[in-house]
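Read the structure below first, then the notes.
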Amino acid sequence: MPDLLLLFWTFLKVNLLSTSGPASVGLLHGETVGRFITESQFVQAVGFSAVLPGSDAIQLAMYIGYAAAGIPGGLAAMLGSILPPTALIFGVVNILHRLRREAWVGRFVEGLTPAISVLMLFTAWKIFEKGGQTGLFGWAIALVSLALMARDFPARIVVLVAGILGVVLLQ
Amino acid sequence: MNHPKLFANLSRYSTWLKLFWMFLKVNLLSPSGPASIGLLYDEAAGKLMSEERFVEAVGFSNVLPGSEALKLAMFVGHAAAGVPGVLAALLGAILPPTMMMLIVAAILQRFQQADWLEHFVSGMSPAVAALMALVGWELFRAGTGKKIKPRILLIAALSALGFWLEIPSPLVLVGAGILGVLFFR
């Protein structure tokens, strides 16, 4: 039971401090790896949320919650990630005519954004390092993926192919 | 007889169904929240809500915390059919991704000790790291616009210092947000 509450609280917190699913990954790493899931499971969660269609945020919640505590865990994590945007939308819709972009919420997010970017870079490096493949193979995959995705090549294909290359080449 | 009322009810239900179906479709066809905006625009703008309101909804979902796809779904649902519209849209947006992820997660948990999964993750890690670095960079560019303001760089540098000193990340993020409120008057 405390596990479910902790999952709910973790995802509530993470979703209050990020503006989209992909942007929440950096924070999520620090809050869940070692506590609920392993490093490898985290990579699976991020990888498959990029591969599967639909909102990344609730997919991350579903995977991590399920891996930590089965279906109840998945539901608890999902609830935590759905609650903040839902509550806010109802609040915002009701005061929409008064709230402008200059509101303090907007400025808070403006300050939040560079910090999230930096956190993403830190976490990207951690994942790369702990992935174990820091030799030629790892760097080649990282650089080729970066180049492809920077040219708007679909991320889900890049991530999937990288995984398959791992299975084929790392015997 | 009560025909007009029955008719009104029917058309209301069909709006809810339409919203549910629309978000089911959009979320099945797009790989992530930000990517779904284009699809959603074709489906909703001009039909369920005015173009102006759609742009406003996108603006707000960029600024408010939480999943982008869900916030947009709820805005569009609200514009089309009020509070029940929000629920219909939310349900449509949540069902496909979570069901698929549940299946994937359940299958993967059976193979956590398998060699092939370990190799799969090893191959995927560098690509996932690259994806994260790229998303981080794009987020930074989107947040700054064309000219990078010095105070944004200052916040970025301060938070880098914070993460490097291993201050808990939520604290660093809240701190950055508060700096934003103070700086961006």
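The values are calculated or read from the model by the stated rules, or taken from the named source; none is laboratory data. Please read these numbers as outputs of a predicted model, since none were measured by experiment. Cβ placement follows ideal geometry from the backbone for every residue including glycine, while neighbour counts extend to all protein chains displayed.
Structure values in brief
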read-out: Residues of region A:128-156 that turn out to be at pLDDT 85 or above, closer than 15 Å to B:Leu134 by Cβ and either loosely packed, with under 14 Cβ neighbours inside 10 Å or not small (Gly, Ala, Ser) (or both), as a count; value: 10
read-out: Residue under evaluation A:Leu6, criteria (1) in contact with a Ser or Thr (Cβ under 7 Å, 6 or more places away or on another chain); (2) within 24 Å of B:Pro168 (Cβ to Cβ); (3) at pLDDT 90 or above, criterion not met; value: (1)
read-out: Matching residues in region A:72-87 - criterion: being within 21 Å of B:Val86 (Cβ to Cβ), at the interface with chain B (Cβ under 7 Å from one of its Cβ atoms) and of a type outside the set (S, T, N, Q); value: A:Met78, A:Ile82, A:Pro84, A:Pro85
read-out: Output for region A:32-77, where each listed residue is in a loop (DSSP other than H, G, I, E, B) and more than 23 Å from B:Leu28 (Cα to Cα); value: A:Gly34, A:Arg35, A:Phe36, A:Thr38
read-out: Close pairs from region B:112-127: first free of Cβ contacts under 8 Å to residues at least 24 places away in the same chain, partner among the basic types (Lys, Arg) and surrounded by 14 or more Cβ atoms within 10 Å (Cβ to Cβ), Cβ under 9 Å, at least 6 apart; value: B:Ser125/A:Lys130
read-out: Single unsatisfied condition, B:Ala57 versus (1) assigned to a helix (DSSP H, G or I); (2) at the interface with another protein chain (Cβ under 8 Å from one of its Cβ atoms); value: (2)
read-out: Lone qualifier among B:Leu91, B:Leu87, B:Leu153 - being over 19 Å from the mean Cα position of the chain (by Cα) and either outside any helix (DSSP H, G or I) or more than 7 Å from chain A (Cβ to nearest Cβ) (or both); value: B:Leu153
read-out: B:Val128 being among the aliphatic types (A, V, I, L, M), part of a helix (DSSP H, G or I) and surrounded by 22 or more Cβ atoms within 10 Å (Cβ to Cβ); value: yes
read-out: From the options B:Ala35, B:Ala57, B:Ala8, residue that is aliphatic (A, V, I, L, M), closer than 23 Å to A:Thr113 by Cα and at pLDDT below 70; value: B:Ala35
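Yes/no matrix, rows are residues, columns are (1) under 16 Å from A:Gly74 (Cβ atoms); (2) crowded, with 22+ Cβ neighbours inside 10 Å; (3) more than 7 Å from every other protein chain (Cβ to nearest Cβ):
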| site | (1), (2), (3) |
| --- | --- |
| A:Leu6 | yes, no, yes |
| A:Asn15 | yes, yes, no |
| A:His29 | no, yes, yes |
| A:Gly47 | no, yes, no |
